[in-house]
Amino acid sequence: MSVIHRLDTRAPGFDAALAALLDRDAAQDQAMETAVRQILEDVRARGDAAVLEYTRRFDQVAAHDMAGLEIPLADCHAALQALPEAQRAALQAAAERIQRYHEHQVAHTWTYTEADGTVLGQQVTALDRVGLYVPGGKAAYPSSVLMNAIPAKVAGVAELIMVTPTPGGARNPLVLAAAAVGGVDRVFAVGGAQAVGALAYGTATIPAVDKITGPGNAYVAEAKRRVFGTVGIDMIAGPSEILIVADGSTPPEWLAMDLFSQAEHDELAQAILLCPDGAYLDAVHAAIERLLPEQPRLAILRQSLAGRGALIQVRDLAQACELVNRIAPEHLELSVADPQ
């Protein structure tokens, strides 16, 4: 099996090959949608009992009651203090940068008065409670905590409820530490569609929220799609995907690692590189083969890259832009001398 697909826009059958690469198994999607619908209905009907049952089944966490699934904030602060100084400093530096960025986005209340005395405007108030979904299964990302908790805090959200799966009971210390840095109010060791349902509908233990944010696998994305309207959501994202447009000026190893950064999320994740320089694509291909065996999530990376990854030679950067619009990726990276 090739480590990653190689395509050329000038080759016969390119359009069909690209369509096949972008397509996901509809039968698999239908089975997933059915499973998610049943889980959400069960959580809405049985609340905590259903959440406990699915957590035992999917994450092998044998909690006797919901108290066993709530992670005390003291544990989050202890995790932060126990980190090596370099990791703690990195988390705090990231948090400060994220806060500075989102402070520029804050919307403000405004009004104006028309000639006849009519007052029009926009009243901006923060949500009362937001749910943060943080991946903790196949991959655990403290960045997901910071990038969802801190914008909410900047906006003035009163309460943040975080849910994150802990397969086999393993709690990721960086994720817990990030919850402390981000100012999360409550943390539950629950994941999957059952966590989304609990946040959307509320249970005796997990309070219903006004909005659910954060990435997850295909089941989480489908669950968010289904509860939208009952609660707000940020977007439907997942499985993760990245599309890189390169002009050949970046070290090939950098782009190999950027492709890995999304492909490692999930076997269904997608990583695609577009470039007009065939020799450069050869160099990236060689970097992928050289660096791949060193990666900690090797099995997932191999399956993701071989199944849905591609290095595509385009005629020029203008054609690359046409393909970007056609593919419409979740993440777009411009690794070119003139990104504007």
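Every read-out reported here was derived from the displayed coordinates using simple, explicitly stated rules and does not represent laboratory data. Everything numeric here is computed off the predicted structure, so don't read it as measured data. In this analysis, Cβ positions are derived from the backbone assuming ideal geometry, glycine residues included, and neighbour counts consider all displayed protein chains.
Summary table
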{"read-out": "Cβ-based charge dipole, the range 65-160, positive-most Cα from Gly68, Gln92, Gly121", "value": "Gln92"}
{"read-out": "Residues Cys321 and Ser2, FRET efficiency given R0 of 30 Å [Cβ-Cβ distance, rounded to 0.05]", "value": "0.65"}
{"read-out": "Label zone at Asp23 (point 7 Å along Cα-to-Cβ), backbone N below 19 Å, the range 315-340", "value": "326-328"}
{"read-out": "Contact order relative to length of the range 1-91, as percent, for alpha carbon pairs under 8 angstrom and 6 or more apart", "value": "10 percent"}
{"read-out": "Protection proxy ranking of 242-248, 120-126 - average other beta-carbon atoms within 10 Å, highest first", "value": "242-248, 120-126"}
{"read-out": "Antiparallel bridges, percent of DSSP beta bridges restricted to the chain (to nearest 5)", "value": "20 percent"}
{"read-out": "The chain, dipole about Cα centre (Lys/Arg Cβ +1, Asp/Glu Cβ -1), debye to the nearest 20", "value": "640 debye"}
{"read-out": "Glu294 paired with Asp15, simple spin-label distance in nm, labels 7 Å along Cα-to-beta-carbon", "value": "4.2 nm"}
{"read-out": "Over the range 33-157, equivalent-ellipsoid semi-axes from the Cα gyration tensor in Å", "value": "37, 26, 12"}
{"read-out": "Ranked Cys275, Cys321, criterion: other C-beta atoms within 10 Å, fewest first", "value": "Cys321, Cys275"}
{"read-out": "Neighbour-count ranking [beta-carbon atoms within 10 angstrom, fewest first] of Arg129, Arg44", "value": "Arg44, Arg129"}
{"read-out": "Among Pro72, Pro296, Pro215: highest mean-square fluctuation, GNM of the chain, C-alpha pairs under 10 Å", "value": "Pro296"}
{"read-out": "Estimated inter-spin distance, Gln123 and Ala158, nm [label 7 Å along Cα→Cβ]", "value": "1.5 nm"}
{"read-out": "Gaussian network model of the chain, springs between alpha carbon atoms under 10 Å - residue of Asp277, Asp316, Asp116 with greatest fluctuation", "value": "Asp116"}
{"read-out": "DSSP bridge orientation in the range 81-236 - percent antiparallel, rounded to nearest 5", "value": "25 percent"}
{"read-out": "Order of Val181, Val187, Val154 under a 10 Å beta carbon neighbour criterion, fewest first", "value": "Val154, Val181, Val187"}
